[in-house]
Amino acid sequence: MDLGAVYSQIAILFLLIIGGYALGKLEIITKEMVQNLTTFILKISTPALIVGGMMIPRTPEKLESSRIMLISSFIIYAGAFILGKIVIKVIKVNSSDKGVFRFGMMFPNVGFMGFPVIQALFGQDAIFYAAIFNIPFNILVYTVGVALVNTKVENYKINMKTFINPGVIASVIGFLIFVLSIPITPVIKDTVVLIGSTTTPISMLVIGSMLSVLPISTMFNNWRIYVVSIVRVFVIPLLVYYILKVILNVDNIMVLGIPVMLMAMPVATNAALIAQEYGGKPEIASQCIFISTLMSIVSIPLLSLLFI
């Protein structure tokens with residue numbers, strides 16, 4: 001992996017975020033546009049990116065790597081869940097804020113930043129592994145994630161319908177195409193890949209515009225936000241790297257690099273939306289998103305050095 005190319009790609013991503021921030025401030029990208037673009041990203045372009053990335057020839061090596069990737073993902077998310085519980089006890093978080101903080105430490109911004117960054121760092125073929133790794137996220141974020149932040153719905157029970165969402169559906173479709181070696185015509189494949197390619201620029205612009213509406217004066221006044229953000233973008237990915245590289249001796253750059261870099265993403269942008277819907281603290285979630293996104297400008301390039 002060429003270091004200069006990596007920094008160039010990351011610089012492009014964050015210039016797009018800055019551009020989105022400016023467009024948001026100028027109200028060229030309005031609140032309604034953000035909602036519509038978010039729907040497009042989550043329901044159309046990201047699923048297309050996932051399916052397009054999994055339209056690759058089946059090999060025994062890829063099949064085995066995907067199995068390892070899926071198992072390691074569930075283990076990593078379980079570890080993040082436990083670590084989050086420990087951290088909030090150490091920093092003595094108020095009971096009303098605990099759920100949002102644990103959500104922020106457990107769930108990275110995979111949909112908006114994870115896939116674009118992975119594609120930039122490791123190439124189009126890496127999307128296949130990233131999609132496999134992301135299956136537990138799509139299952140857990142609207143089940144365990146909602147349960148963490150919920151203060152609104154008494155006796156909340158996990159709804160099985162939440163297991164069915166565009167990310168999971170796209171991952172299943174893509175995996176079936178891969179496993180069964182289903183032939184896809186070049187026209188269909190190129191169309192899907194082209195739609196998926198819009199995910200990166202639109203996602204970065206939307207993130208920037210989302211950050212533009214947050215009140216800057218209140219973004220930096222809670223020291224616990226910094227602890228949560230550091231755990232999210234530095235501590236967890238470094239622990240993942242240590243476990244995979246040192247303890248398990250993983251040497252496949254995709255199997256090693258993709259989990260580390262995906263877990264290095266800032267707090268998931270849907271943290272604020274879920275907190276708003278289920279009576280959590282959306283303002284705390286917004287602060288976590290803002291601070292962790294700023295920190296990721298440093299953490300992502302630094303962590304990418306591990307795979308140069």
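Remark: the chain carries 45 Å² of accessible area per residue (probe radius 1.4 Å; ligands, DNA and RNA excluded).
Our Cα-only numbers for segment 38-106 put the radius of gyration and Dmax at 17.7, 51 Å. When the chain is treated as a Gaussian network with alpha carbon springs shorter than 10 Å, the biggest mean-square fluctuation among Arg232, Arg102, Arg67 belongs to Arg67. Total lysine pairs in the chain at Cα distances under 13 Å, for residues eight or more apart or on different chains: 4. Using a Gaussian network model of the chain in which every pair of alpha carbons under 10 angstrom is joined by a spring, one finds that among Val227, Val298, Val193 the greatest mean-square fluctuation is at Val298.
Only protein atoms count toward the accessible area here, which uses a 1.4 Å probe; on segment 14-128, the carbon and sulfur part of that area reaches 66 percent. The shape of segment 22-165 can be summarised by an equivalent ellipsoid whose semi-axes, obtained from the alpha carbon gyration tensor, come to 28, 23, 15 Å from longest to shortest.
Here the spin labels are modelled as points 7 Å beyond Cα on the Cα-Cβ line, and at Lys31 and Ser181 they lie 5.4 nm apart. Rolling a 1.4 angstrom probe over segment 211-308 with all protein chains present gives an accessible area of which 68% lies on carbon and sulfur atoms.
Charge tally around Asp125: other residues with Cβ under 15 Å, Lys/Arg +1 each, Asp/Glu -1 each, net +2.
A dipole drawn for the chain from +1 and -1 charges on Cβ atoms has a positive end, and of Pro60, Phe175, Pro266 the residue lying farthest that way is Pro266.
The values are calculated or read from the model by the stated rules, or taken from the named source; none is laboratory data. This is a predicted model, so every value here is computed, not measured. All Cβ positions, glycine included, derive from the backbone under ideal geometry; neighbour counts span all protein chains shown. All accessible areas refer to the heavy atoms of the entire protein, side chains included, with ligands and DNA or RNA removed. Shrake-Rupley method; radii C 1.70, N 1.55, O 1.52, S 1.80 Å.
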